[in-house]
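The values are calculated or read from the model by the stated rules, or taken from the named source; none is laboratory data. For clarity, every value in this text was computed on a predicted model and none was experimentally measured. Positions of Cβ are generated from backbone atoms using ideal geometry, with glycine treated the same way; all protein chains shown enter the neighbour counts.
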Amino acid sequence: LIAAPPAVLVMVPVARGGLQEQLVGPEELRGIRQLFSEEREACYLCLLMLVCILLFFLSAALSAPIPVAFALSLAIFVAVLVAFSLVLSPVIAKFNAFALVQTSLTLPTEAAGFYFFTDQEEQFPDGPHFTEFFYSTTLRSVGMVCSLIGIVTYQRYASRCSYKRLLVGANIALQIISLADVLVYSRFSRDVLHIPDPACVLTSTVLRETVMQWQWMPQVVILSYLCPSGMEATMYALLAGCHNLGNTISLNFGAMLLHVLGCEPRGLPGESA
């Protein structure tokens with residue numbers, strides 16, 4: 001609700017022509033339609049993405065069991081990966097496959113982490129006992145600020161580096177940063193290193209959100225260069241949509257991992273027993 005008013009204000013410059021878009025005439029409109037009729041494969045990919053999104057929506061609306069959601073995500077992952085690899089040109093298909101695999105195999109565990117950090121003495125005596133406001137609002141706000149810092153630092157210091165070096169370096173850095181969570185979950189950071197939980201989690205959030213922008217910004221630039229002339233918006237939407245679809249797939253993959261390991265906290269009293 002707090003973000004709603006400034007979000008609505010974004011529509012003002014758009015409505016006043018701030019994007020400097022021009023009206024499309026009848027001849028140009030016919031040319032665009034002719035182009036899309038010749039590139040039917042792109043239309044089929046759009047239809048495939050729509051079907052995948054609707055399937056995810058239905059599984060969430062019906063509260064599908066974790067194994068069912070995992071099976072659906074795996075099927076969508078294979079279908080999208082194969083379809084895009086067969087239809088797109090080799091250069092575009094290879095990078096799209098990399099982005100989809102990278103995001104899908106992230107395996108996030110934040111759902112269980114929420115209870116680990118916010119469970120109180122009654123549920124988890126040995127936990128950090130963060131308030132929900134601190135974990136859900138403060139950390140998220142810090143993360144948003146650090147995302148902006150990541151964009152600025154990328155533009156200033158890393159935009160001239162090679163894409164390969166940036167992507168490999170950012171992925172390695174993210175893996176190292178993720179290992180810090182192990183120190184918190186095992187209580188090693190508190191009991192052995194004597195680092196307060198808030199300091200450890202804040203540091204991890206700052207580093208993770210900053211590096212994630214260093215990982216994402218090169219992909220934004222690459223995607224913009226890969227879009228063929230005349231279909232820039234459609235192709236960019238498809239490629240970026242694959243990236244976002246991979247994030248959704250990774251959530252179900254991560255949930256399945258927690259399910260297999262028997263880690264399914266619910267915030268109940270005596271949960272850590």
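Tabulated data for the structure shown
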{"item": "Verdict on Leu50 being under 22 Å from His259 (Cα atoms), without any contact (Cβ under 8 Å) to a residue 60 or more places away in the chain and part of a helix (DSSP H, G or I)", "result": "no"}
{"item": "Among (1) closer than 20 Å to Gly254 by Cα; (2) at pLDDT 90 or above - the single one Thr106 does not satisfy", "result": "(2)"}
{"item": "Residue match in region 240-257 (condition: within 18 Å of the chain's Cα centre (by Cα), surrounded by fewer than 17 Cβ atoms within 10 Å (Cβ to Cβ) and of a type in the set (Phe, Trp, Tyr))", "result": "no"}
{"item": "Output for region 171-180, where each listed residue is surrounded by 12 or more Cβ atoms within 10 Å (Cβ to Cβ) and under 19 Å from the mean Cα position of the chain (by Cα)", "result": "Asn171, Ala173, Leu174, Ile177, Ser178"}
{"item": "Residue in region 67-119 that is surrounded by the fewest Cβ atoms within 10 Å (Cβ to Cβ), counting only those that are more than 30 Å from Pro269 (Cα to Cα) and polar (S, T, N, Q)", "result": "Ser89"}
{"item": "Close pairs (8 angstrom Cβ cut-off, 6 or more residues apart or separate chains): at pLDDT 75 or above in region 1-24, exposed (fewer than 10 other Cβ atoms within 10 Å of the Cβ) and not hydroxyl-bearing (Ser, Thr, Tyr) anywhere", "result": "Pro13/Leu19"}
{"item": "Looking only at region 82-99, and only at residues there that are free of Cβ contacts under 8 Å to residues at least 60 places away in the same chain and under 17 Å from the mean Cα position of the chain (by Cα), the one that is farthest from Leu50 (Cα to Cα)", "result": "Phe98"}
{"item": "Where Ile172 falls short, out of the listed (1) under 23 Å from Lys94 (Cα atoms); (2) in contact (Cβ under 8 Å) with a residue 12 or more places away in the chain; (3) among the β-branched types (Val, Ile, Thr)", "result": "(2)"}
{"item": "Residues being under 23 Å from Pro65 (Cα atoms) and not in a helix (DSSP H, G or I) - total across region 227-273", "result": "9"}
{"item": "Hits in region 156-170 (condition: in a helix (DSSP H, G or I), surrounded by fewer than 14 Cβ atoms within 10 Å (Cβ to Cβ) and not β-branched (Val, Ile, Thr))", "result": "Arg156, Tyr157, Tyr163, Lys164, Arg165"}
{"item": "Only listed residue being over 18 Å from Gly241 (Cα atoms) and not in a helix (DSSP H, G or I), chosen from Ala64, Ala69, Ala60", "result": "Ala64"}
{"item": "Residues of region 89-129 satisfying the condition of being touching a Pro at 6+ places or on another chain (Cβ under 8 Å) and part of a helix (DSSP H, G or I)", "result": "Ala112, Tyr115, Phe116, Phe117"}
{"item": "Looking only at region 1-47, and only at residues there that are assigned to a helix (DSSP H, G or I) and small (Gly, Ala, Ser), the one that is nearest to Gly246 (Cα to Cα)", "result": "Ala42"}
